[in-house]
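The values are calculated or read from the model by the stated rules, or taken from the named source; none is laboratory data. Computed from a prediction, not measured in an experiment: that's the story for all the values here. Counting neighbours? That spans all protein chains shown, and the Cβs are built from the backbone with ideal geometry, glycine included. When the accessible area is computed, the model is the full protein with side chains, heavy atoms only, and any ligands, DNA or RNA have been set aside. Shrake-Rupley method; radii C 1.70, N 1.55, O 1.52, S 1.80 Å.
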Amino acid sequence: MTATRLRVDVQQRVSPGFRLDVRLEVGAETVVLFGPSGAGKTTTLNAVAGLVTPDEGEVLMDGRAFFRRRRPGLAVNLPARQRRVGYVFQQYLLFPHLTALDNVAYSLRGRKDARPRALALLDRMHLAHLAQRYPAQLSGGQQQRVAIARALASESPMLLLDEPFSALEAELRTRLQQELKELQRELGLVVLYVTHRLEDAFAIGDRLAVLREGRVEQIGRTEEVFRNPASQQVAEVMGIPNLFHARVVRSSSEGAVLDWDGLALAAPPHPAGAGAMVAAYIRPEEIRLLYPDRPVTPPVTHNQVAGRIVGGHFDAAFRTLRVRLPNGHEVEARFPTTSYLALQLEPGAEVYLSLRKEGLVVLGVPLPPLARQQGREPR
């Protein structure tokens with residue numbers, strides 16, 4: 001993480017059953033606020049921008065207090081116009097009666113150089129040739145870039161984005177995400193980016209903050225959080241496939257053995273003792289298909305099991321299979337489309353799998369009693 005520039009520590013009772021309690025430290029980077037609807041992502045952005053007033057806490061940007069209540073020091077609550085935070089809303093919120101140029105210049109009103117500066121920002125977003133068009137005459141991606149240019153016109157070192165690319169087609173979304181990453185690095189911006197799409201988090205984020213029920217459950221490098229979720233709850237929020245519950249049969253420094261509803265699985269060492277119920281998962285890429293007439297290599301000697309294909313899909317690069325195991329649960333296996341060409345991989349066909357021991361991740365928090373009783377299908 002880079003040196004902290006934005007510090008957020010806010011608490012707010014949003015409704016009788018929901019309380020926001022978020023603590024974040026952000027440097028010159030993009031931190032993705034990830035989680036399901038209602039997790040508190042947009043409320044966090046609004047608290048930073050000054051659009052809502054927390055019950056207590058503190059928001060500091062480069063040492064300047066935007067908000068402070070019930071904390072040591074002078075109470076502060078700067079209105080949004082004084083914070084001058086760049087904010088890109090999900091619906092863009094462009095003025096329909098203003099041209100693209102005038103939409104951007106609106107954030108610069110009162111300045112003699114408002115229009116030249118606005119035109120320069122549109123040029124940065126490759127839209128100078130469309131400066132005189134109205135929002136209705138622009139495509140979704142063009143409107144989005146106008147919204148970003150308007151946000152940059154605030155000349156704030158901070159940019160807030162609330163699901164900005166959710167309505168765009170995949171190719172355009174990818175291009176705009178890349179442009180945003182380049183912009184963040186070029187200007188050294190502090191960026192908070194809200195999304196509920198894991199693909200967006202990987203595409204845009206330097207770090208990932210997983211929000212659940214108003215709290216940050218885990219924050220870290222995006223890949224690290226995905227590979228090592230801190231808890232079952234984080235894994236569920238992230239929609240990690242092949243998440244399951246199992247009982248520890250035995251555990252030692254050499255490894256653990258799990259009982260997943262009758263299927264014994266060798267796993268890496270874990271501190272949970274025999275008899276404990278744990279959550280575990282294996283990424284689809286860590287499940288290998290085996291050729292029944294060929295010897296196996298050391299990486300796939302553990303956790304060999306027969307299963308039956310029940311579905312799947314593929315694209316230009318990868319194929320995903322859903323396979324039902326003897327214990328009645330299903331797992332997803334993912335591999336390049338050019339792999340396993342000699343195998344019959346149609347629905348109904350029997351296949352042999354290895355759930356690689358090294359690929360199994362046993363989460364650190366034992367299951368709560370309710371989960372122990374009910375069990376869970378993999379996701």
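General remarks:
- Protection proxy ranking, highest mean first, for peptides 71-77, 231-237, 188-194, 17-23: 188-194, 231-237, 17-23, 71-77, where packing is the per-residue count of other beta-carbon atoms within 10 Å, averaged.
- Helix-derived mean residue ellipticity, 222 nm - over the chain, DSSP H n ≥ 4, -39500 (n - 2.57), to 500: -6500 deg cm²/dmol
- Under 5 Å, built H, 5+ apart or other chain: amide partners of G312: R322
- Surface share of carbon and sulfur [accessible, 1.4 angstrom probe, percent] for the stretch 216-329: 52 percent
- Cross-link partners of K41 among lysines, defined as those whose alpha carbon lies under 21 angstrom from its own and excluding same-chain residues fewer than eight positions apart: K181.
- Probing with 1.4 Å while keeping every protein chain in the model, the per residue accessible area of the chain equals 48 Å².
- The stretch 1-77 - percent of accessible surface contributed by carbon and sulfur, probe 1.4 Å: 49 percent
- Ordering P135, S154, L24 by Cα displacement along the dipole of the chain toward the positive end leaves S154 in first place; charges were set at the Cβ atoms of Lys, Arg (+1) and Asp, Glu (-1).
- Base-10 log of normalised Debye intensity for the stretch 99-189 (one unit scatterer per alpha-carbon) at q = 0.20, 0.21, 0.26 Å⁻¹: -0.96, -1.06, -1.46
- Shape descriptor for the stretch 1-142: Rg over Rh equals 1.03 (Cα atoms; Rh from the Kirkwood inverse mean 1/r).
- Solvent-free Debye calculation, one equal scatterer per alpha-carbon of the chain: log10 I(q)/I(0) at 0.13, 0.15 Å⁻¹ equals -1.07, -1.23.
- C-alpha long axis of helix 170-187 to longest principal axis of the chain, angle in °: 60 degrees
- Simple Cβ-charge dipole of the chain, Lys/Arg +1 and Asp/Glu -1, about Cα centre, in debye nearest 20: 1180 debye
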